[in-house]
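*Asks:* Here it is, the structure in full.
The values are calculated or read from the model by the stated rules, or taken from the named source; none is laboratory data. Everything numeric here is computed off the predicted structure, so don't read it as measured data. Every residue, glycine as well, gets a Cβ built from its backbone with ideal geometry; the counts of neighbours run over all protein chains shown.
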Protein chains: 2
Amino acid sequence: MSVLYKRVALIGLGLIASSMVHAMRRAGLADEIVGTARTAETRAIAREDGLCDRVVETAAEAVEGADLVVLCVPVGAMGPLAAEIAPHLAPGATVTDVGSVKGAVIAAVAPFLPSHVNFVPAHPLAGTEHSGPRSGFAELFDNRWCLLVPTEGTDPNATARLRALWEGMGSFVDEMDADHHDLVLAVTSHAPHLIAYTMVGVADDLRRVTDSEVIKYSAAGFRDFTRIAASDPTMWRDVFLNNKDATLEILGRFTEELFALQRAIRTGDGDHLHAYFTRTRAIRRGIIEAGQDTAAPDFGRSGKPVTAGSDGAPRPAEEPRQG
Amino acid sequence: MSVLYKRVALIGLGLIASSMVHAMRRAGLADEIVGTARTAETRAIAREDGLCDRVVETAAEAVEGADLVVLCVPVGAMGPLAAEIAPHLAPGATVTDVGSVKGAVIAAVAPFLPSHVNFVPAHPLAGTEHSGPRSGFAELFDNRWCLLVPTEGTDPNATARLRALWEGMGSFVDEMDADHHDLVLAVTSHAPHLIAYTMVGVADDLRRVTDSEVIKYSAAGFRDFTRIAASDPTMWRDVFLNNKDATLEILGRFTEELFALQRAIRTGDGDHLHAYFTRTRAIRRGIIEAGQDTAAPDFGRSGKPVTAGSDGAPRPAEEPRQG
């Protein structure tokens, strides 16, 4: 893999940014990586670990002379950050971000950017429950999707180069528009996360069942909910506040359906329940038959991309499920 | 491991029963295993595969001379089955089941059983999304919990022997009363399953996002929901109808909390969201610190039991999560 950028500036040094450092170094994608973070503590850790080639004090300083600037801060902090760095961006630079919401980020960032830079918003679909400059690792993006959401007027060459960077870091890359991105993510990630947060909160409130029992006796289902519910609170607060419409739409449909199922349970309508569960089982089977998932609980990490064809042979022994 | 039962009768030959066959044989726990199933097709498959030592036509025939009778049918079928086998049960036999609900099973089964048998309801917390006589495997119960719910007047020796059987099949065993079992399972399994079913149904209804996109771009969260939602529809219909009160209680609290979070999103109350997510993160961390879970996505299969102490060192690289 050849060098794609001479100087990459990472603003914010959490899980995604620190993983990008390791992944870019693994493949030799950048000549120099400059980083900065809001808190002195994070900057000190990054310096101590030699995380970046240089750690600087301010975002303005970080972007000087960079041909790629990556905004790796919570979605709610993107707008003020853009205002701060705008006067210091080099002509021809590409500005991108890694936020989980695209519509709100574009609305907050784009107005500040000068016309001599290219803005290519991005969203790597990868993460762990851990955060901070020491949580990153080179393999985080391997075989995971990164969605690019190029804005109007973006130079296609800038988009192509950013695509090559993400592919070089191990990702599969797709492009879509911001509205569609935000709806897809509301379904696949934002609503499920809020639901998991809620269920963990409920279990904790229920004093008749101890936390220890809840974990001890849960296999699939609840145990995964607790893992989801451990994600970074600030990041997720900003996700929900900034993908409000799509998330509320999905949650509205969700509660509507859930009420129908609750009523079926209350009234003893077994046929309704059976028909519903048969339909969802068919959805899952369709997914496996289309080769879009394996039955193995690897969360798709080791799998080939959907577009690469079928790796969907079910491996039943690896799938715990309980009643 | 020595032989614990001379003749084990398995009524119903699905995932749990067929896994019990393999697990009992692995450890040499039974001299003879007799099986039967409702449909001629299942009996024919079991015969063809040599699944049991003998496959017989009726449940009444299966229990003749058995010192352990295991009811492996959906929860809703337990009562009629008990009525059918009751006159044929050998004196001193132990009758048990593997249903996911205990209160309703006890209410349905106990009245039919003669006083010369011991009834020890059980619930192995194990399963996959697959069902039928060919879905079983010997390792299904390894390092998983099996909960025993002895009924009043049960001979402690009968309970102890059944405990030894489950331990011989690889499980950890605990005892609790039926009400507590049903509440714990409503929290850890039944409500999460209904929630997953619902979310998969919602995604499918949403025609603007294709099923293929939903899977392609989901890592954790939704992908696991589809796996959960592929479980056996009949079994789950019966679980919800028979653990109605506890499930509805948990779902009621769940929707209450979810509404509060939805309102916070709608009104832009970031503080409420942040505080909630911080609390659930603390719950998750408490769980890891107590050694009650690892950070690895193995669903606890490979872990030691909670009571065996800490194996909870987080392994961040193995945990995909996305925004």
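*Asks:* Restricting the first residue to the stretch A:145-160 and requiring it to be more than 14 Å from every other protein chain (Cβ to nearest Cβ), which pairs with a second residue that is in a strand (DSSP E or B) meet a Cβ separation below 7 Å and a spacing of at least six or different chains?
*Replies:* Matching pairs, first to second residue: A:PRO150/A:GLU175; A:THR151/A:PHE119; A:THR154/A:ASN118; A:THR154/A:PHE119; A:ASP155/A:ASN118; A:ALA158/A:THR94; A:ALA158/A:ASN118; A:THR159/A:LEU148.
*Asks:* Among the residues of the stretch B:261-276, what is the count of those that are closer than 15 Å to A:ASP205 by Cβ and crowded, with 16+ Cβ neighbours inside 10 Å?
*Replies:* Of the residues in that region, 2 qualify.
*Asks:* Further question: Would you mind telling me which numbered condition in (1) part of a loop (DSSP other than H, G, I, E, B); (2) under 19 Å from the mean Cα position of the chain (by Cα) A:PRO114 fails?
*Replies:* With respect to (1) part of a loop (DSSP other than H, G, I, E, B); (2) under 19 Å from the mean Cα position of the chain (by Cα), A:PRO114 is out only on (2).
*Asks:* Something else now. Which pairs have Cβ atoms under 6 Å, sit 6 or more apart or on different chains, and link a residue in the stretch B:252-275 that is among the charged types (D, E, K, R) to one that is surrounded by 14 or more Cβ atoms within 10 Å (Cβ to Cβ)?
*Replies:* Short answer, once both residue conditions are applied: B:ARG253/A:VAL202; B:GLU257/A:THR198; B:GLU257/A:GLY201; B:GLU257/A:VAL202.
*Asks:* Select from the stretch B:272-282 the residues that are of a type in the set (A, V, I, L, M, F, W, C) and facing chain A (nearest Cβ under 7 Å) and write down the one among them that is nearest to the chain's Cα centre (by Cα).
*Replies:* My answer is B:PHE277.
*Asks:* For the stretch A:216-271, enumerate the residues that are small (Gly, Ala, Ser) and within 7 Å of another protein chain (Cβ to nearest Cβ).
*Replies:* A:SER218, A:ALA219, A:ALA220, A:GLY221, A:ALA229, A:ALA230, A:SER231, A:GLY268, A:GLY270
*Asks:* I'd like to verify a number: residues in the stretch A:166-210 that are at the interface with chain B (Cβ under 10 Å from one of its Cβ atoms) and of a type in the set (Gly, Ala, Ser), how many?
*Replies:* Of the residues in the stretch A:166-210, 6 are at the interface with chain B (Cβ under 10 Å from one of its Cβ atoms) and of a type in the set (Gly, Ala, Ser).
*Asks:* I would also like to ask the following. Looking at the stretch B:229-251, which of the residues that are of a type in the set (A, V, I, L, M) and in contact (Cβ under 8 Å) with a residue 60 or more places away in the chain is surrounded by the most Cβ atoms within 10 Å (Cβ to Cβ)?
*Replies:* Restricting to residues being of a type in the set (A, V, I, L, M) and in contact (Cβ under 8 Å) with a residue 60 or more places away in the chain, the top hit is B:VAL239.
*Asks:* Then there's this: Of the residues B:VAL117, B:VAL95, only one is β-branched (Val, Ile, Thr) and surrounded by fewer than 24 Cβ atoms within 10 Å (Cβ to Cβ); which?
*Replies:* Answer to the selection: B:VAL117.
*Asks:* Could you look through the stretch B:148-166, keep only residues that are polar (S, T, N, Q) and modelled with pLDDT of 95 or more, and pick out the one that is surrounded by the fewest Cβ atoms within 10 Å (Cβ to Cβ)?
*Replies:* B:ASN157
A quick yes/no check of all residues on (1) in contact with a Gly (Cβ under 6 Å, 6 or more places away or on another chain); (2) of a type in the set (Val, Ile, Thr); (3) closer than 15 Å to A:VAL69 by Cβ:
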| site | (1), (2), (3) |
| --- | --- |
| A:VAL3 | no, yes, no |
| A:LYS6 | no, no, yes |
| A:ILE11 | no, yes, yes |
| A:ALA17 | no, no, yes |
| A:ARG25 | no, no, no |
| A:ALA30 | no, no, yes |
| A:ALA40 | no, no, no |
| A:ARG43 | no, no, no |
| A:ARG47 | no, no, no |
